[in-house]
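Notes for the one structure printed next.
Every number here is computed from the coordinates shown, using simple stated rules; none is lab data. None of the values given here were measured: they were computed from a predicted structure. Ideal geometry is used to build each Cβ from the backbone, glycine not excepted, and the neighbour counts take in all protein chains shown.
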Amino acid sequence: DSIPLHFTPGWPVPNSRYACKRRTPLYTPNEPLLTALAVIMRSRELEGEDRSALSYARGISVLKAYPRPITSLSQIISLPGVGPKITALVEQYLLTGHISESDILLSSERFRALEALTKVHSVGSTTARALYAKGVTDVEELREWVGMGNGGEVLRMALEIHEDLMVRCVRPRFPSTQRSLIKGVCRIPRAEVEAIARKVQAALDVVLPGCTHTICGGYRRGKPTSGDVDVIFTTREQGGEQGLVEKLVNYLSNDRFITHIFGVMHPGHNPFSSSSHTRSKLRPQHPSSHFDTLSKALVVCRLPAEGTGAGGTGLHRRLDLICAPRDVYWCAVVGWSGSKQFERDLRLWAKQEMGMKFDSSGLTRLRDTQPIYVDSEQQVFELLGLEYVPPHLRNA
Ligand code: TTP
Ligand code: MN
Ligand code: MN
Ligand code: MN
């Protein structure tokens, strides 16, 4: 791979409050500082303090686009999105090498519990807080709670494969003292992401010839490892996608590649019909499943470790399969490539500056809800009045 992942000499200082107007490579020279700030942001998310969390997310994202080591407050004081709170925290960090609130959070029982519980698929921060209030403070206690007949099918499944998804590896960017806490999901190396996508494409070739796909998410932004695999696919003919997600999931389940199905959804189809309404009330949905109206399946897959030579490891892996109609395919690709902050600001920019609505299910004019069809990724940026930003510079 030759994707450039670092700042290069002469890189400009970020000057826009919109992440989609900035260029942000994967690696920052200010990693320890940004990690400490991210702990506070995460705590705000876990506590449901969404406005505060978003404000941290914005400030951290702007600092992530700062191309040099931050050694003095004067470097950051006039950056957009960096307010007095973050400035004070950076000041503390520059003086002491620590941010005390982060250190306190990292050793707080509540933060650790909420963080551990939300690592279980389908457990969002609201659920985690409710569980904590009932005395459930780790995944083992969650198992016991579910064993007593609580929770639904998705949670039961999520616990079943939790250990597989959470094996003993550790996110390397956290210092060793924090390792026992922040055990991330076992990340997926690029070669395995590619092997999983090949398997999906081979299945598409059988169930509906002519389909194409793009691997999106962190993989597309150049990350060496991914938390899951995000495969966006479309058909050769416009309108050919009816029933395709089901066919694909059936095929791959019969093939014993898909091992668990967290959900298959069509949020854009009859959103107000009584049946789909009832269904979404009964079944907990992945918190991220409704940020667009595309048909999708959130599943777990597994490529055997030996014999096939296909690049598998035998580990269970999370896989998102997203089906986009031909005419919104490139919107879907942009919308699922991230980063989360880049996507937030694309939507905000479209609305505030262009009078348009953008998300991964399409681009529309707000004034008359007229859909705008696109046939390349570059065109999405053009229509939004933005300079093209390649995926590896969208790590905002
Ligand atoms: P994710 O797979 O959740 O994130 P990721 O691929 O960036 O990182 P990871 O390696 O941990 O999987 O989501 C895929 C993309 O979908 C994400 O990059 C941006 C978009 N997205 C949003 O726009 N909003 C959201 O709330 C989520 C969860 C994702
Ligand atoms: Mn979760
Ligand atoms: Mn992903
Ligand atoms: Mn995903």
What FRET efficiency, computed as 1/(1 + (r/R0)^6) with R0 = 22 Å and r the Cβ-Cβ distance, is obtained for GLU153 and ARG256, rounded to the nearest 0.05? 0.65
Just grab the label-to-label distance for GLU160 and ALA88, each label 7 Å out from Cα along the Cβ direction, in nm (one decimal). 4.9
Could you work out how far the C-alpha centroid of region 90-130 sits from that of region 327-380, in angstrom? 33
Treating each Cα of region 10-113 as an identical point scatterer and ignoring solvent, apply the Debye formula and state log10 I(q)/I(0) at q = 0.14, 0.15, 0.22 Å⁻¹. -0.52, -0.60, -1.23
Extension length gain for SER52 and GLU237 (0.36 nm per residue less Cα distance), in nm, is 62.1 nm
Could you quote the convex hull projected area for the chain, Cα atoms only and averaged over all directions, in nm²? 20.7
Given the options GLY338, GLY152, GLY124, state which has the largest fluctuation in a GNM of the chain using a 10 Å cut-off (strictly under) for Cα springs. GLY152
Answer in debye to the nearest 20: the dipole magnitude of the chain about its Cα centre, from +1 Lys/Arg and -1 Asp/Glu charges placed on Cβ, is 500
Length gained if SER16 through ALA133 is fully extended, taking 0.36 nm per residue and subtracting the Cα-Cα distance, is 38.0 nm
Return the distance in nm (one decimal) between the two label points of a simple spin-label model at GLU382 and HIS266, each offset 7 Å from Cα along Cα→Cβ. 3.4
Residues with beta-carbon under 14 Å from that of ARG23, excluding ARG23: net charge, scoring Lys, Arg +1 and Asp, Glu -1? +3
Take the chain, connect every pair of alpha-carbon atoms lying under 10 Å apart with a spring to form a Gaussian network, then pick out the residue of GLN75, GLN341, GLN201 with the largest mean-square fluctuation. GLN75
So how do ASP205, ASP327 line up by other beta-carbon neighbours within 10 Å, fewest first? ASP205, ASP327
CD proxy at 222 nm, helix term only [per DSSP H run n ≥ 4: -39500 (n - 2.57); per residue of the chain; nearest 500]: -12500 deg cm²/dmol
Considering amide H positions built from the backbone, and no H for Pro or chain starts, which residues 5 or more places from LEU363, or on another chain, come under 5 Å of its amide H? ILE372
Among SER337, SER78, SER61, which one moves the most in a GNM of the chain with springs linking Cα atoms closer than 10 Å? SER78
Is there a pair in LYS247/LYS296; LYS199/LYS340; LYS64/LYS119; LYS223/LYS351 whose C-alpha atoms are over 22 Å apart, and which pairs would that be? LYS199/LYS340; LYS64/LYS119; LYS223/LYS351
I need the peptides 189-197, 16-24 ranked by packing, meaning the mean over residues of other C-beta atoms within 10 angstrom, with the highest value on top. 16-24, 189-197
